[in-house]
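These notes concern the structure reproduced below.
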Amino acid sequence: MKVAMTVNGTLESHDVEARTLLVDYLRNVVGLTGTNIGCDTTSCGACTVLLNGQSVKSCTVLAAQAAGDDITTIEGLALEDGRLNPVQQAFQECHGLQCGYCTPGMVMAITSLLTENPHPTEEDVRVGLEGNLCRCTGYHNIVASALAASGVVEMHQ
Amino acid sequence: MIPASFDYVRAESVDEAIGLLSEHGDDAKLLAGGHSLLPLMKLRLAQPAMLIDIGHLRELSYVKEEKGYVCVGALTRHHDLANSLVARASAPVLAHVAGQIGDPQVRHRGTIGGSIAHGDPASDLPAALLALGGSLVVQGPNGIREIDANDFFLSFFEVALTPEEVLIEVRVPRSEGQWGFEKLTKRAMDWAIVGALAVRTSNGVGVALINMGPVPMHARAVEAALASGANASDAAQHAAEGTEPSADFNGSVAYRRHVAKVLVGRALKTAGV
């Protein structure tokens, strides 16, 4: 079936099987491999992308369901001149990652969280990240990154 | 994990969805947010030949108050219900429970109708529906009918919808009464190992249990004890009566029966009973 959606501001249109998951569409068809597959069971959040501005787990959305929608992946956050978005910048400054596998999903989840709640408390951040698992950091610096970025996130899509 | 092959069609109206269901029968399944169905399909526990996507029917996404009832469109996403000013003011327990489902990503996609029509005894919203004395509005080829929540959950993952019917609205009586909601999970985003919900309504105290049997259920013995004057801690001791919890790696039957009493006791206390 024909599926068309906007990915990071570019209109994408492809023939795919109806059963194609959004994460596989993004990685294998569009060729954006920044979105990781972790658990593949809606638990870990590594595959988090924005669908019409809201965080979703792209392993549990069909590409067909997202037809006509606006998708943002980790590749779509930095400005064209290469400057990082505030959440990415905060991860760098606060050492918000170790192995980096969960990081794209964490950054997308935090970007969505800060859009809904620009000035979260630490508790808000910890609860807001309950859908994202990290096996390295103990979350401390991830939460610190989110708090550092809070109030300065401006979506530029 | 990739689902088995299926045909996908996006319904542009409830009538079109009903027509497609009538045409394709048991081979077809409705797809709302997909957060119950797609995981089952990825595990190949469900292999429908056709998915009828109703997730884009915005006319079924609303929360409004009407004649003493809070009416929630079946395709209202958990995030939107949790943040609805109408729900927060007139059925705060429903908004709270919606905000405790899964995690933010799940709540951005999952819908109240999908969750309830799925009939999972471990899901949270049916408990709120039962405790509040709600009902379900369904539409089929012969028109619209309303089903009392007590008559909706028939058996394990089986509800009172005929194969051609679409759940279009969830209704609960306006309820500003105090309530308590307790959910035991190992990870924050998990389904409840056991859950309990108590809410003070105009008809007394509604108490419902999560994951204590094949269907979402009232804690009838607790409700009866309270109605006959028992205090909260005595009433909570009846929480496991009439339940049929299953055993799994999260806990034995005896453990779940014990936890139910503890959680009902806490929920009643929070509800000010």
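The residues A:ILE142, B:ILE2, when put in order of fewest to most other Cβ atoms within 10 Å, stand as B:ILE2, A:ILE142.
Please compute, for peptide B:2-9, the average count of beta-carbon atoms on other protein chains lying within 10 Å of each residue's beta-carbon.
Details: counts 6, 6, 1, 3, 4, 3, 11, 3.
Across B:2-9, the average partner-chain Cβ count within 10 Å equals 5.
Counting only Cβ charges, +1 for Lys and Arg and -1 for Asp and Glu, the dipole size of the protein assembly as shown around its Cα centre is about 1220 debye. For q = 0.21 Å⁻¹, what log10 I(q)/I(0) does segment B:58-173 give under the Debye formula with an equal point scatterer on each alpha carbon and no solvent? Relative scattering, expressed as log10 I(q)/I(0), comes to -1.18. Taking a straight line from the alpha carbon of B:LYS42, these lysines sit under 26 Å away, with near neighbours fewer than eight places off in the same chain left out: A:LYS2, A:LYS57, B:LYS29, B:LYS186. Considering only A:ALA63, A:ALA109, A:ALA78, the mean-square fluctuation computed in a Gaussian network model of chain A, springs between alpha carbons under 10 angstrom, is largest for A:ALA78.
Net charge around B:ASN250, counting only other residues with Cβ within less than 12 Å of its Cβ (Lys, Arg = +1; Asp, Glu = -1)? Mind showing how you got there, number by number?
Numbers: positive: B:LYS186, B:ARG187, B:ARG256; negative: B:ASP190, B:ASP248.
Neighbour charge sum, excluding B:ASN250 itself: +1.
Build a GNM of chain B with springs between Cα atoms under 10 Å apart, and of B:GLY177, B:GLY33, B:GLY119 the one that fluctuates most is B:GLY177. In segment B:7-53, a dipole from Cβ-located charges (positive for Lys and Arg, negative for Asp and Glu) runs towards its positive end, and of B:LEU45, B:ALA28, B:VAL14 it is B:LEU45 whose Cα lies farthest in that direction. Sum up the charges of everything whose Cβ sits under 9 Å from the Cβ of A:VAL23, counting Lys and Arg as +1 and Asp and Glu as -1, but leave A:VAL23 out. After counting each charged neighbour, the total is 0. Annotation: extensible slack from A:GLN92 through A:HIS119 equals 7.7 nm (criterion: 0.36 nm per residue apart, minus Cα-Cα distance).
Please build a GNM for chain B, connecting alpha carbons under 10 Å apart, and tell me which residue among B:GLY143, B:GLY68, B:GLY34 fluctuates the most. The residue with the greatest mean-square fluctuation here is B:GLY143. When chain A is described by a simple charge dipole with +1 on each Lys and Arg Cβ and -1 on each Asp and Glu Cβ, the residue from A:LEU77, A:THR137, A:VAL49 located farthest towards its positive end is A:THR137. Please report the base-10 log of the normalised intensity I(q)/I(0) for segment A:86-149, using a Debye sum with one equal scatterer per alpha carbon and no solvent, at each q in 0.17, 0.18, 0.23, 0.26 (1/Å). Normalising to I(0) and taking log10 leaves -0.45, -0.51, -0.88, -1.16. Electrostatic bookkeeping for B:ASN142 treats Lys and Arg as +1 and Asp and Glu as -1; over the other residues with beta carbon under 12 Å from its beta carbon, the sum is -1. For a straight C-alpha distance cut-off of 17 angstrom, the aspartates and glutamates reachable from B:LYS269 (same-chain residues fewer than eight places away being disregarded) are B:GLU176, B:GLU182, B:GLU223, B:ASP234.
Read-outs throughout are calculated quantities, based only on the coordinates presented, and are distinct from any laboratory measurement. Since the structure is predicted, the reported quantities are computational estimates derived from the model, not experimental observations. Note: ideal-geometry Cβ built from the backbone for every residue, glycine included; neighbour counts use all protein chains shown.
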